[in-house]
Amino acid sequence: MSEFKANKIFNPEGNDEVANRKIIKWNTTWLFQLNSTKYTWAKNMYQVMVWNFWLPEKVSGLGEDAIQLKTLPENEQRAFKWILSFLIFLDSIQTVNLPNFNDYITAPEVNLILSIQAYQEAIHSQSYAVLLESIVDSNDRDDFYYFWREDKHLLERNEYIGQIYQDFVDKPTDKNFFRGVVWNFLLESIYFYNGFAFFDTLADQWKMVASDRMISYIRRDELTHVTIFANIIKEIKKEAPEVYDEKMLYDMMDTAVEQEIQWSKHILWKNIIGMGHENIENYTKWLANERLNMLGLAPLYDNVVTNPYKHLDRLQDNNGEKWNFFESTVVNYAQSSAMNWSWEF
């Protein structure tokens, strides 16, 4: 198991020529030479991520949600709390952990967008603070942040995720690096999205609409993060086949799906707001197949071909936005303050 070495802060003997550049394990000067870039998808992603800038304090209507939260059925209030607690953890760990992986990326254009991603994850953490300040009594806010101290299932999930990242920090080998990169992809593309589905389903029933508006901004950012790691995985497969491990990827996807199904059943019980156990399982497996398709890989669950939550297609298509993960061209983008954009990758 070969050791993975972090980049030097400055390496005068490095080579920054685009023709020779690789996404990992390259001898770069570590100079941010961004006039010449190899990975056009990263350059285009930078434009989108910058134009996606938003401020959680600008989201309106949270005062109405504060009133409505207290009127929700007890099981919906509990699910709201549990799911938000998990999302808070996910964004927190991404903010802290992304620089650990960025230190091993040897393409400045990719370093750049990973730095923006870390910033966006921090904005998401601030958005949860704004959300809680607006809708939850001050004495109850710690319950959302530290619910894992009460719920053994959530603690086990958080520990499992944290350990995968910690393994790479403690022992930066090829295997642990690729494992961490895949887990970044799964965290962004699977774990976040079941949480988003709950908020969108509430909003579809005109419940906690402002909270879902906040989530929709977060979801838009997370989609760029999914795309970043999908492209990183594809570049590793092409440029560093000794690091790429497809069996590990499939095994980790299967583990993530099973974890997410069990967690969702745990917090949503049998049929909260129409999210029954069968739909939860089919949605998560459908989502996994979609994410594997982004990587150019065959589906893991052949018998699941459609999204059972039809309302998500409608709610997540804000003003006709276009999500095309497979191309690297930005078609059009607009200021995020209007939530009116249309772009493709």
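The values are calculated or read from the model by the stated rules, or taken from the named source; none is laboratory data. In this text, all values refer to a predicted model and were calculated from it rather than measured experimentally. Methodologically, a virtual Cβ is constructed for each residue, glycine included, from the backbone with ideal geometry; neighbour enumeration extends over all protein chains shown.
Consider only pairs whose beta carbons are under 6 Å apart and that are at least six residues apart or on different chains; among these, list those whose first residue lies in the range 111-136 and is over 11 Å from MET49 (Cβ atoms) and whose second residue is outside any helix (DSSP H, G or I).
Sorted first by the residue in the range 111-136, then by its partner, the pairs are ASN111/ILE105.
Hey, does the range 207-229 have a residue that's out of contact with any helix residue (DSSP H, G or I) (no Cβ under 9 Å at 6 or more places or on another chain) and over 17 Å from LEU187 (Cβ atoms)?
Taking every residue of the range 207-229 in turn, none turns out to be out of contact with any helix residue (DSSP H, G or I) (no Cβ under 9 Å at 6 or more places or on another chain) and over 17 Å from LEU187 (Cβ atoms).
Would you call ASP142 over 18 Å from the mean Cα position of the chain (by Cα), part of a helix (DSSP H, G or I) and free of Cβ contacts under 8 Å to residues at least 12 places away in the same chain?
When the stated conditions are applied, ASP142 passes them.
Within the range 205-217, can one find any residue that is among the β-branched types (Val, Ile, Thr) and in a helix (DSSP H, G or I)?
Yes, that holds for at least one residue.
Test LEU202 against the criterion of being surrounded by 20 or more Cβ atoms within 10 Å (Cβ to Cβ), part of a helix (DSSP H, G or I) and at pLDDT below 95, and give yes or no.
In short, yes.
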